[in-house]
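The values are calculated or read from the model by the stated rules, or taken from the named source; none is laboratory data. All values derive from a computational prediction rather than experimental measurement. Ideal geometry is used to build each Cβ from the backbone, glycine not excepted, and the neighbour counts take in all protein chains shown.
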Amino acid sequence: MTRCVALLRAVNVSGTKPVAMPALCKLLTGLGLDEVRSLLQSGNVVFSCSTAANAALEAKLEAALVKNMGVQTEFFVRSAREWAAIIAANPYPDAARDDPGRLVLMTFKSAPSAKDVEALRAAITGRETLTAAGKQAYIIYPDGQGTSKLTNAVIGRKLGVIGTARNWNTVLKLAALLS
């Protein structure tokens, strides 16, 4: 069995795409996933499964959510091994230690191109810092995300890939649930 984390994009944020976490856990259990647990109310789930964490699993979960709960959104699934590697690759260990609420991990369906990452960096008008690595980006929001012009929508448009973000505190809580 493979332990995995799934992040749902834009659920239970500002009243959009409501998904009750107990109902989501029940749905995933019904799909044959084991040891399903949610974290917070913003679409974070860990589970065990007999398949690989890949695009086919993401598509299966997305289709089941639409069919059973009427909610269309993206799932971003990573294995426990991938999640550990993402944490280890964090280029901002000082931010992770000193202010983890302002360090954000953004996961994508596919890796953005180097050209698009450079275009995004050039478009940053605030004090934010961004490093992309594979299918994720690490972003420091020194003044907080709430007032930043570097929004998820801007990032998605500039990079040409769909993503979802979690602050470093949540990233570490998910890692603890995976073990």
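Observations, loosely collected:
- If you check Arg3, Arg102, Arg9 for being surrounded by 13 or more Cβ atoms within 10 Å (Cβ to Cβ), in contact (Cβ under 8 Å) with a residue 60 or more places away in the chain and more than 16 Å from Arg166 (Cβ to Cβ), only one passes: Arg3.
- Residues of the stretch 47-71 classified as in a loop (DSSP other than H, G, I, E, B) and among the β-branched types (Val, Ile, Thr), total: 2
- The set of residues in the stretch 32-56 being surrounded by fewer than 17 Cβ atoms within 10 Å (Cβ to Cβ) and either outside the structural domain of Phe76 (by TED's automatic domain parsing) or touching a residue at least 40 places away in the same chain (Cβ under 8 Å) (or both) consists of Arg37, Leu40, Ser48, Ser50, Thr51, Ala52, Ala55.
- Pick from the stretch 123-156, criterion over 16 Å from the mean Cα position of the chain (by Cα) and exposed (fewer than 13 other Cβ atoms within 10 Å of the Cβ), ranking: nearest to Leu172 (Cα to Cα): Gly144
- Test for Thr29: is it of a type in the set (Ser, Thr, Tyr), surrounded by 13 or more Cβ atoms within 10 Å (Cβ to Cβ) and more than 19 Å from the chain's Cα centre (by Cα): yes
- The condition of being in the same structural domain as Gly163 (by TED's automatic domain parsing) and either within 18 Å of Ser110 (Cα to Cα) or surrounded by 14 or more Cβ atoms within 10 Å (Cβ to Cβ) (or both) holds for only one of Ala59, Ala95, that being Ala95.
- Verdict on Val117 being in contact with a Lys or Arg (Cβ under 8 Å, 6 or more places away or on another chain), surrounded by 16 or more Cβ atoms within 10 Å (Cβ to Cβ), outside the structural domain of Leu24 (by TED's automatic domain parsing) and in contact (Cβ under 8 Å) with a residue 40 or more places away in the chain: no
- Enumeration of residues in the stretch 110-165 that are part of a helix (DSSP H, G or I) and either at positive phi or not aliphatic (A, V, I, L, M) (or both): Lys115, Asp116, Glu118, Arg121, Asn152, Gly156, Arg157, Lys158
- Of all the numbered requirements in (1) in a strand (DSSP E or B); (2) over 26 Å from Ala137 (Cα atoms); (3) in contact with a helix residue (DSSP H, G or I) (Cβ under 6 Å, 6 or more places away or on another chain), Glu35 misses one, and that requirement is (3).
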